[in-house]
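Notes follow once the structure below has been shown.
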């Protein structure tokens, strides 16, 4: 029997952040889908069905809070944890009000990010 590694969708328009998070999560045996841009967000989430979404608040092409609301308002997707991040700590409440399960300030300490991911992806 093979172990299913949690699938993490990372959405950030900063290629460097996207690449760094992807490399680290891959090393920790997570399955990673990294997206700098998603044109049909809801459809993409339904196709990927990740175990967790890491979502930047300030995307050049969208407001992460609006994207979070899309996930949380869809009965088929609403159970997927969404962890939002931003360089602006004062955006924390806005992200949580949009339905985010957690918020991390950029630049984040990678161990703190991994601990948060583990909290939301561990079953049982």
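The values are calculated or read from the model by the stated rules, or taken from the named source; none is laboratory data. In this text the structure is predicted, and so the values were computed from the model without any measurement. Positions of Cβ are generated from backbone atoms using ideal geometry, with glycine treated the same way; all protein chains shown enter the neighbour counts.
Taken over the range 49-71, the criterion of being surrounded by fewer than 17 Cβ atoms within 10 Å (Cβ to Cβ) and under 18 Å from residue 7 (Cα atoms) is satisfied by 49 alone. The single condition among (1) assigned to a helix (DSSP H, G or I); (2) at pLDDT below 95; (3) under 20 Å from residue 13 (Cβ atoms) that residue 90 does not satisfy is (3).
Look at the range 27-38: where a residue is at negative phi and touching a residue at least 24 places away in the same chain (Cβ under 8 Å) and a partner is part of a loop (DSSP other than H, G, I, E, B) and surrounded by fewer than 15 Cβ atoms within 10 Å (Cβ to Cβ), sitting 6+ places away or on another chain with Cβ atoms under 6 Å, you get 37/61. Any residue in the range 64-77 that's free of Cβ contacts under 8 Å to residues at least 40 places away in the same chain: show its pairings with residues that are in a loop (DSSP other than H, G, I, E, B) and surrounded by fewer than 16 Cβ atoms within 10 Å (Cβ to Cβ) at Cβ separation under 6 Å, as long as the two are six or more apart or on different chains. Qualifying pairs under 6 Å: 72/78.
What are the pairs with Cβ atoms under 9 angstrom where one residue, in the range 87-109, is on the phi > 0 side of the Ramachandran plot and touching a residue at least 24 places away in the same chain (Cβ under 8 Å) and the other, located anywhere, is outside any loop (DSSP other than H, G, I, E, B) and surrounded by 18 or more Cβ atoms within 10 Å (Cβ to Cβ)? Sequence gap at least six, or different chains. Close Cβ pairs satisfying both conditions: 99/65; 99/68; 99/71; 99/82. Report yes if some residue within the range 99-106 is surrounded by 18 or more Cβ atoms within 10 Å (Cβ to Cβ), more than 13 Å from the chain's Cα centre (by Cα) and not in a helix (DSSP H, G or I); otherwise report no. Within the range 99-106, none of the residues are surrounded by 18 or more Cβ atoms within 10 Å (Cβ to Cβ), more than 13 Å from the chain's Cα centre (by Cα) and not in a helix (DSSP H, G or I).
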